[in-house]
Amino acid sequence: MPVMTAEEACQWIPGLSDPDTDTAALLDAVIARADSMVATELGYTGATDADTETVLETDYERFFAGPGGRELQLPYYPIVVADPGDLLIEDDPNEAFDGTSYLVPSSDYVLRPGGIVLLTVASSWGTWSETDDEVIRVRWTAGYAEGAIPGRLFEGLGTMVGVLWARRSSIGKDSVSIGQRQTIMPRKPRSIPDEVLDLIAPYRLVGALL
């Protein structure tokens, strides 16, 4: 499942508007690489159901120390919950994680922007465990739906596609053309240019390394 189609990617590649089968296949590979680079930069790492990082909806599983209080910060978001069972949280002091004994009811919490799971004041759970031990296991889906990537992030991904495409024939050059613009190539050939970093910056996850 790509972040964009080969046809959509062409708007960031001068002179390419109707890719043939071979070119489309190559574009798909470049799109996947751009997605992985951008996702890694934003902090999407260690997915449980994917071979590489992506900004698209992906399944994650993590174990957390008990933070105490009512807030639990999940590192990957936006959190995707179509049904209550899509988010599984166990707060198990025994660390057995059998999926039932210490399962936090979905009615006990609400989701806040930025990956925060907030226990309600009236929740039967009260507060999260408070301990340095990893007594909380969470399984959830996070990321953006195909076709619903925010505009600025989508533009950043497209610009990265254009840069990677141009790099195929720009070894030794200082800049490449992206649409009507000249984008300065960074010294590291596999790095992300500042133009892309500026576009994707608002979507960096809490705790992602700068």
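The values are calculated or read from the model by the stated rules, or taken from the named source; none is laboratory data. Small disclaimer: the values here were computed from a predicted structure and weren't measured. Heads up, the Cβs are rebuilt from the backbone with ideal geometry, glycines too, and the neighbour counts pull from every protein chain shown.
Rundown of residues vs (1) without any contact (Cβ under 8 Å) to a residue 60 or more places away in the chain; (2) in a helix (DSSP H, G or I), yes/no style:
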| position | (1), (2) |
| --- | --- |
| T40 | yes, yes |
| D59 | no, no |
| F64 | no, no |
| I89 | yes, no |
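When S17 is tested against (1) small (G, A, S); (2) touching a helix residue (DSSP H, G or I) at 6+ places or on another chain (Cβ under 8 Å); (3) farther than 20 Å from I192 by Cα; (4) not in a loop (DSSP other than H, G, I, E, B), just one condition goes unmet, and that condition is (4). Output the qualifying pairs, or none if there are none: Cβ atoms under 6 angstrom, residues six or more apart or on different chains, first residue in the range 190-203 and under 9 Å from R152 (Cβ atoms), second residue among the aliphatic types (A, V, I, L, M). That search, which allows pairs on different chains as well, returns I200/V38; I200/L153; Y203/L42; Y203/L153. Every listed requirement among (1) modelled with pLDDT of 95 or more; (2) polar (S, T, N, Q); (3) over 30 Å from W128 (Cα atoms) is met by T21 save one, (1). In the set A65, A9, A39, only one residue is out of contact with any Pro (no Cβ under 9 Å at 6 or more places or on another chain), of a type in the set (G, A, S) and farther than 20 Å from P113 by Cα; that residue is A65.
Considering only residues in the range 66-87 that are among the hydrophobic types (A, V, I, L, M, F, W, C) and in a strand (DSSP E or B), the one that is farthest from the chain's Cα centre (by Cα) turns out to be L72. Does the range 58-69 contain any residue that is aliphatic (A, V, I, L, M) and crowded, with 20+ Cβ neighbours inside 10 Å? No; the residues of the range 58-69 include none that is aliphatic (A, V, I, L, M) and crowded, with 20+ Cβ neighbours inside 10 Å.
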